[in-house]
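Asks: Below you will find the structure I want to go over with you.
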Amino acid sequence: MDGEHILVLGIGNILWADEGFGVRVVEALDRAFTFPDHVTLLDGGTQGLYLLPALEEADVVVILDAVDYGLPPGTLHCLSDGDVPTVLGARKLSLHQTGFQEVLALLQLRGCLPRHLRLVGVQPHTLDDYGGGLTPPVAAQVAPAVAEVLRLLTEEFDVPVRPRDSESPEGLVTAAVARAAYEAGRPSAQEACRIGDARVLVRTFGEA
């Protein structure tokens, strides 16, 4: 499949705990493995419609995300092709999923929907912890999600994947918010508001 463009896309918001799962998986892939030129790893964050050009160019898209499957927290579940937009459209966790569902709908309307869609998703545990990292049951699924992406690439799409000789110092995610630094450097609840911007909350709800 050297002639086909494969996009491995992590979406989500690292500022809201388990919402960052997809980004953390693509970060882990980038730091530990190298891929051929026709494979692109992308931290899609919460860009929504801004992802349209990248998706239009892709023949295969592997999506990594936190998804409300209605399963126990920390459950890893994978879907293919037509099931992907159906689930992402029916079970929204956040605004980024609304935006991404619109992207898939536009791709279909324009006749540019990737030939193959794969979703590697985890059922989140916590989403309303502002500034928090992945919760333990979801963090435990990062390595299995990486393994599943590698399986998809090698077994289904015949992509040669090689471990890096050493961990990449400059990855897709800026060093200051890379997972280890981000989670280790979190301020205490007394130092930083954990449910949003304290200035906005004071204006909205008044002094505590």
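The values are calculated or read from the model by the stated rules, or taken from the named source; none is laboratory data. Just so we're clear, the structure is a prediction, and the values are computed from it rather than from any experiment. No Cβ is skipped: glycine too gets one built from the backbone with ideal geometry, and neighbour counts run over all protein chains shown. Ligands, DNA and RNA are stripped out before the accessible areas are found, and what is left, the full protein with its side chains, is counted by its heavy atoms. Shrake-Rupley method; radii C 1.70, N 1.55, O 1.52, S 1.80 Å.
Asks: Which trypsin sites (Lys or Arg not before Pro) from segment 111-164 combine a DSSP loop assignment with at most 10 other Cβ atoms within 10 Å?
Replies: Qualifying residues, ordered by number: Arg115.
Asks: Skip the ligands, DNA and RNA, and give the accessible area per residue of segment 1-72 with a 1.4 Å probe, whole Å².
Replies: Result: 33 Å² per residue.
Asks: Using a/c under 1.5 as the rounded threshold, could you call segment 15-59 rounded, prolate or oblate? The axes a ≥ b ≥ c are square roots of the C-alpha gyration tensor eigenvalues, and prolate needs a/b larger than b/c, oblate otherwise.
Replies: oblate
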